Amino acid sequence: MATTARASVQHEDEQVRVTRWDFEPGARTGRHAHEYAYVVVPVVDGRISAIAPDGSVTESHLRAGESYARPAGAEHDVVNGGSSWLAFVEIELKGAPATATTPTPAPVPPGP
């Protein structure tokens, strides 16, 4: 049975919401849509799978401290696809335009 990732809101005001997400292996956020543009800052290295509403899956490697941004409107379920605990901090930009300009995490290379 899949577990739910733990979300802890660390700060919220009129401009931003900062949430730390902690995932055991296989834990997931549950399907959700992002109302605001956001930045993700991984706390540790890890691998995530983002499952879109159409069932397509995008796998990405996260590197500790290497942030990436996404526009508002993204809809997905995020799953810890690795075998270790995973955490990242998500910073939602409440007043930001709905475009992202930073690099995305590296795709997972094909396995052997």
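Rule-based calculations on the coordinates, nothing more; no lab input. What you see is a predicted model, and the numbers here were worked out from it, not measured in a lab. Backbone-built Cβ (ideal geometry, glycine too); neighbour counts: all protein chains shown.
Can Ala72 be described as crowded, with 16+ Cβ neighbours inside 10 Å, small (Gly, Ala, Ser) and out of contact with any Ser or Thr (no Cβ under 7 Å at 6 or more places or on another chain)? Yes; evaluated as a whole, the condition is true for this residue. Scanning the stretch 41-50 for residues that are surrounded by fewer than 16 Cβ atoms within 10 Å (Cβ to Cβ) and either assigned to a strand (DSSP E or B) or in contact with a helix residue (DSSP H, G or I) (Cβ under 8 Å, 6 or more places away or on another chain) (or both) returns no hits. With respect to Ser84, determine if the residue is surrounded by fewer than 16 Cβ atoms within 10 Å (Cβ to Cβ), of a type outside the set (Phe, Trp, Tyr), touching a residue at least 24 places away in the same chain (Cβ under 8 Å) and touching a Pro at 6+ places or on another chain (Cβ under 8 Å). The answer is yes for Ser84.
Is it the case, given these coordinates, that Glu66 is acidic (Asp, Glu) and either crowded, with 18+ Cβ neighbours inside 10 Å or part of a strand (DSSP E or B) (or both)? No; evaluated as a whole, the condition is false for this residue. Close Cβ contacts (under 6 Å, 6 or more residues apart or on different chains) running from residues in the stretch 25-52 that are in contact (Cβ under 8 Å) with a residue 24 or more places away in the chain and at negative phi to residues that are among the acidic types (Asp, Glu) and crowded, with 18+ Cβ neighbours inside 10 Å comprise Tyr36/Glu92; Tyr38/Glu90; Tyr38/Glu92; Val40/Glu90. Scan the stretch 1-40 residue by residue and report those that are among the small types (Gly, Ala, Ser) and either over 15 Å from the mean Cα position of the chain (by Cα) or part of a strand (DSSP E or B) (or both). Listed by number, the residues that qualify are Ala2, Ala7, Ser8, Ala33, Ala37.
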